[in-house]
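Everything below concerns the one structure shown next.
The values are calculated or read from the model by the stated rules, or taken from the named source; none is laboratory data. None of these values were measured; they are calculated from a predicted model. Here Cβ is always computed from backbone atoms with ideal geometry, including for glycine, and neighbour counts include all displayed protein chains. Accessible surface areas use protein heavy atoms only, side chains included; no ligands, DNA or RNA. Shrake-Rupley method; radii C 1.70, N 1.55, O 1.52, S 1.80 Å.
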Amino acid sequence: MAAAASAPGPITRQTILETLLAFKRTSLLRTAIELRLFDALTAGPHGADHVARAIGAPARATRVLLTALASAGLVTEHGAPGHEEFGLVEGADRLLVTTSPDYAGDAALVAASQQEWQSMGSLTDIVRTGSTHLDQDAGSPDFPYWQDFAAHGTFATRPVAQALADALGTWAAGREELRLLDVGCGHALFGLHLARTFDHARVTGIDWASILPHARHNAQTMGLADRATWIAGDVFEQDLRGPYDLVVLANFLPQYSEEDGTRLLRRVRSALAPGGRVALAGFTVGDFGPQREFGGRMLSLLLLAWTRHGEVPTSEGYVRMLRRAGFADPDVHDTPGLPTRLFIAAPH
């Protein structure tokens, strides 16, 4: 059932201006991250000349950047003009200094990627024509965004993987084996997180050959390399091997039309062992209201720019695909604090 319509606040000149200026804040933060500017402010505050030497940029350009960052609330600023000193805002030492174990700056490579930046710059023409202008869309093995996504993931990856582990708990723990296929695995953190949660799980990840080194690296880092195998190739064409007790598709189906999604789920069904399950994890639209669904609706906009037919499904759309592929109606789970849902289904 769709969420009740919300009533956003009135549009004012200020809200228009703030929305139009939002891209400048993105540019500021991304540039500061790329220059490792926050590293240069540790043990500060420091003047612009000190920061300029540390990041290898001219002093004037560095000062202009620092004053803009201060206006955006991303660094502190004290002192008279021409003699300013700049420092770290609370939390920056933990999240934006590269030596911190909680460093989050790599998120810029995914949330504000160059590929996305370029596509959104052409959004007017994309909407007018109704489809991507790319010669090689997001379904191509050479699509550059997938390298950064596989290398860094998103802030939501681990919480959603944990929510899936929790939802599968009793069923997964009760299986004699837990042979798992992670479809379009990318970083493979969904499958690997499940393997770390369930000691009897073994993971097979399938993705393009150019992406799998990131999955292998994560398996090695997590101490799971001996419980992981990999298949390189197109998930619509490659032999999936199997059988599997569990097949996971995490934010994968939105890249495709409902017809192609159904076709892939039929392939998945044929690879399942008796009593096996398929688990879909990802954004939905039409369930939570416009504001909470910002991430999913922005993903649909991005998929309009990057794919021929991709769009984030409604919950009903996921259920339709599962039914048409020969699955029973799924158990549906929300992920607290996140605009994503989990759909866990068994074949008829």
* Give region 22-44 a look and list any residue that's farther than 14 Å from Val97 by Cα and open to solvent by 70 Å² or more (accessible area, probe 1.4 Å), or say none. => Phe23, Lys24, Arg25
* Structure fact -> The lone condition Asp106 fails out of (1) within 30 Å of Ala151 (Cβ to Cβ); (2) modelled with pLDDT of 90 or more; (3) part of a helix (DSSP H, G or I) is (2)
* If you check Val127 against the conditions, is it open to solvent by 70 Å² or more (accessible area, probe 1.4 Å), farther than 24 Å from Gly186 by Cβ, assigned to a helix (DSSP H, G or I) and touching a residue at least 40 places away in the same chain (Cβ under 8 Å)? -> yes
* To do: Could you give me the residue pairs with C-beta distances under 6 Å whose first residue belongs to region 149-162 and is assigned to a loop (DSSP other than H, G, I, E, B) and of a type in the set (A, V, I, L, M, F, W, C), whose second residue is modelled with pLDDT of 70 or more and surrounded by fewer than 19 Cβ atoms within 10 Å (Cβ to Cβ) wherever it lies, and which are 6+ apart or on separate chains?
  => Ala156/Leu338
* If you go through region 268-291 one residue at a time, how many are in contact with a strand residue (DSSP E or B) (Cβ under 9 Å, 6 or more places away or on another chain) and touching a residue at least 60 places away in the same chain (Cβ under 8 Å)? -> 15
* Structure fact -> Of Val268, Val235, Val248, the only residue that is open to solvent by less than 50 Å² (accessible area, probe 1.4 Å), at pLDDT 90 or above and within 16 Å of the chain's Cα centre (by Cα) is Val248
* Only one of Pro101, Pro144 that is surrounded by fewer than 14 Cβ atoms within 10 Å (Cβ to Cβ), under 16 Å from the mean Cα position of the chain (by Cα) and not β-branched (Val, Ile, Thr) -> Pro144
